[in-house]
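The values are calculated or read from the model by the stated rules, or taken from the named source; none is laboratory data. Everything numeric in this text was worked out from a predicted model, so none of it was measured. So basically every Cβ, Gly included, is an ideal-geometry build from the backbone, and we count neighbours across all protein chains shown. We work out accessible area using only protein heavy atoms, side chains counted, and drop any ligands, DNA or RNA first. Shrake-Rupley method; radii C 1.70, N 1.55, O 1.52, S 1.80 Å.
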Amino acid sequence: MLLCLGGNDMLRKQPESSTVNNLRLLVQTIRASGAEVVLIGVPEPRLFGDAPDFYEQVAEDMQLPLEQDIFNDVLKDNRLKSDPIHANAAGYRVVAERLAEFLKRTGAL
């Protein structure tokens, strides 16, 4: 299961602890169903924002593969965005291609 959560929480200025708790709960729920989880980091909604450190912490604590650069890289390229915070079709194609590479590299595929 690809888990990409947190962007809307950051936009709505939700407490980071709530996002972290939600991530952990979702990972536990997904694992309880028998599925494996790959965590995808989302950049902070600010100029040159990287994925917050809490993604690394959750990934480390819960022993998850983490891809935290895909959306950051795509959203830095105006040709790949439909607006300031969303990828367009070309951007999502890049995301899908890079995720496929990541999944192969980590042994998920």
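Here are a few things to note about the model shown:
- Remark: pairs (first residue in region 45-64, in contact (Cβ under 8 Å) with a residue 24 or more places away in the chain and closer than 14 Å to Glu16 by Cβ; second residue polar (S, T, N, Q) and not in a loop (DSSP other than H, G, I, E, B); Cβ separation under 9 Å; 6+ apart in sequence or on different chains) = Pro52/Thr19; Phe54/Ser17; Phe54/Thr19.
- Candidate set from region 20-49 (those that are open to solvent by less than 60 Å² (accessible area, probe 1.4 Å) and closer than 15 Å to Met10 by Cβ); member that is modelled with the lowest pLDDT: Gly49
- Annotation note: Cβ proximity below 8 Å between a residue of region 71-92 that is at positive phi and assigned to a strand (DSSP E or B) and a residue that is buried (at least 16 other Cβ atoms within 10 Å of the Cβ) and small (Gly, Ala, Ser) (sequence gap 6+ or interchain) occurs for no pair.
- When Asp69 is tested against (1) open to solvent by 90 Å² or more (accessible area, probe 1.4 Å); (2) closer than 16 Å to Gly7 by Cβ, just one condition goes unmet, and that condition is (1).
- Which numbered condition Gly107 fails, given (1) exposed (fewer than 13 other Cβ atoms within 10 Å of the Cβ); (2) touching a residue at least 24 places away in the same chain (Cβ under 8 Å): (2)
- Enumeration of residues in region 1-44 that are more than 13 Å from the chain's Cα centre (by Cα), assigned to a loop (DSSP other than H, G, I, E, B) and not acidic (Asp, Glu): Arg12, Lys13, Gln14, Pro15, Ser33, Gly34, Ala35
- Among the residues making up region 72-83, those that are surrounded by fewer than 16 Cβ atoms within 10 Å (Cβ to Cβ) and closer than 17 Å to Ala51 by Cβ are Asp73, Lys76, Asp77.
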